[in-house]
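Read the structure below first, then the notes.
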Amino acid sequence: MSANPRWDISKALGVAKLFHLVCGVREACVTPFLTLYLRQLGLAAPWVGILMGTKHLIAAFWAPVCAFLAKSYRKRRVLLIGSLLSSVGASLLMVLIPAADKNRMHLPCNGSSGVTSTDALPGVTLRVNITSAQEPASRHPASRTAEVEMPGFRNPPGESDRETFRDPHDYVAPSVEGARTTSQVLLHPVTSGLKDHPWEVTFEVVKTALPLLPGGKGPGNPANLSGTKGKAWAFDLSLDGLRWTFMLSLGSMAFWELLAAPLEQVADDSLYEYLDFVDATDRYRSLWVWRLLGMLAGVCGIAALVGQLDCFLMNSGPRGVVHFYGYSVVSTLALLVSIAFPIPICQRWEPSYKSVKALSIVGGDLRLILLAFTVVLTGAIVSTVQNFLFWHMKDHGSGELVMGFSVALSLLGEILLHPFKTTLLRKLSRMGLVGLGLTCLAGQLLYYSFLWSWWSVLPIQILSAISNGALWWAVGASVEDLATPRMERALSALFRGHFYGSGCSLGSFVGGFVVMRFSLAVLYQACCVALLLWLALLLSIQQRLPQERKIKYSKLLSMEVSDTSDSEQGTERDWLVKAMREEHSD
């Protein structure tokens, strides 16, 4: 091996750009739509929050450990290839997880007339009529009718007999919900944004194996079933299915995240050190845009493919498997690119306690402490948007193409705003930009709580350029100014990894239970109020802090010149002192 290896910077940057682009597509295939798939498996908001909180927690603390070990043992390329290869198989485990409730009817999304029910127990037979609401039944000979045996009735007495039905291709009716002692249950299409799916579904009870008991309660009500076996029967299936689905999802997602989480940090550290050897780290700062471009293309592409391929790949299970297949295909492409990814042959020695030192720097500076609390709170609130905004949009009739377009708008806004980064930081200052970002995020949350249609989320998404992009610009600038020499990257990794990841984990854990207890609208309104209260507290504390002192290069230079000069004229003539004073006056 040559003692002086050749450094091909142009080729290294080209491979790095391609790798970031492919990894952006890879991430966009699954990450935005993951909670939507978990919902289709039958998991409620608290369990989805626990799953996503575990995922964020693993990413925040496991990735730095793997990056340190890979660097120490010189196995970075092995880790890159191994992470990509193993995550292909780990992601496909999610496709094998069964739904929580097997006793459900699946209306096929290919337009066929069959209506099936799996694992139905003897009890009640329903006649299901699916007709078009645009034309009378006499003019629509393709009306569909099927008789399905249902195991019983679970809805508590007093609930409405009418339910909302959105799309026969996407509807999965629980085996017993929506029907009790009434003769018919009509499910009408919602009027907001669903004119493309004008269907009416009628459930008619044609046979009841269990007698209707006095009191007007349904035959499947546990209170009306005689014997211990009958009382437990109403809950066993749903609880067992939910327990198995949750445990399998938790194990699969944890295993998947353990394999995939170290990839980004190991690749970034390798590329930065590669460029640092030839003093080209300034070109490292421009690579982030390639990841955003990849995510922009990936989120729109996978959303368009879902509607075309999902029915073909999985006709009887939950929709969304295309996301995982797409993730696997793109991971394979990233695996090929990673073979040529630039990794430094020679490694400079660096202390292994940088994370501990970065934490001590934060603890010794009140400004960094306030910034850390801001990042944690932002992560907690942003996680509620990432986890449940698509649920909210789905409830208002949005399809996955609209959801993907909403994410693309926020990414596009962040890319277009980046040329004004320096101007914003100079005009507004770092703390002013933090305040602007938090205000825009609070406005978005308030807007989300009042969505009224499938398209209503789109106009507000452009504010994500400020609430996400500009906010992190201010955080990054503050970290660079307050960090000690050679600690900038360690301090930035602490904020983006540990603090932000911990906030996302905490927000996921808490947000799911808030959604279950109240609603999504209440969650977003509460987050908006909490964000505004913290912003007011942050600004009030910031005003009482002593004025931040600039870098002391000018003072040190003045002292050095005064030792060798007999007058102040030498100091005044020094060009660096003049530049520093002009910067200070500005």
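The values are calculated or read from the model by the stated rules, or taken from the named source; none is laboratory data. Not measured: the values here are computed from a predicted model. In this analysis, Cβ positions are derived from the backbone assuming ideal geometry, glycine residues included, and neighbour counts consider all displayed protein chains. Just the protein is used for accessible areas: all its heavy atoms, side chains included, with ligands, DNA and RNA removed. Shrake-Rupley method; radii C 1.70, N 1.55, O 1.52, S 1.80 Å.
The table for this structure:
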| read-out | value |
| --- | --- |
| Between segment 451-468 and segment 347-419, the alpha-carbon center distance in angstrom | 17 Å |
| Carbon and sulfur %, accessible surface of segment 49-104 computed with the full protein complex present, 1.4 Å | 74 percent |
| Of the chymotrypsin sites (Phe, Trp or Tyr not before Pro) in segment 31-84, those whose Cβ has at most 15 other Cβ within 10 Å and which sit in DSSP loop | Tyr73 |
| Segment 355-484, accessible area per residue, ligands and nucleic acids excluded (1.4 Å, Å²) | 39 Å² |
| Qualifying trypsin sites (Lys or Arg not before Pro) in segment 485-533, DSSP loop, other Cβ atoms within 10 Å at most 16 | Arg486 |
| Theoretical FRET efficiency, 1/(1+(r/R0)^6), r = Cβ-Cβ of Val278 and Ala44, R0 35 Å, to 0.05 | 0.05 |
| Accessible surface, segment 1-89, averaged per residue in Å² (probe 1.4 Å) | 44 Å² |
| Solvent-accessible surface (1.4 angstrom probe) belonging to Lys427, in square angstrom, nearest 10 | 150 Å² |
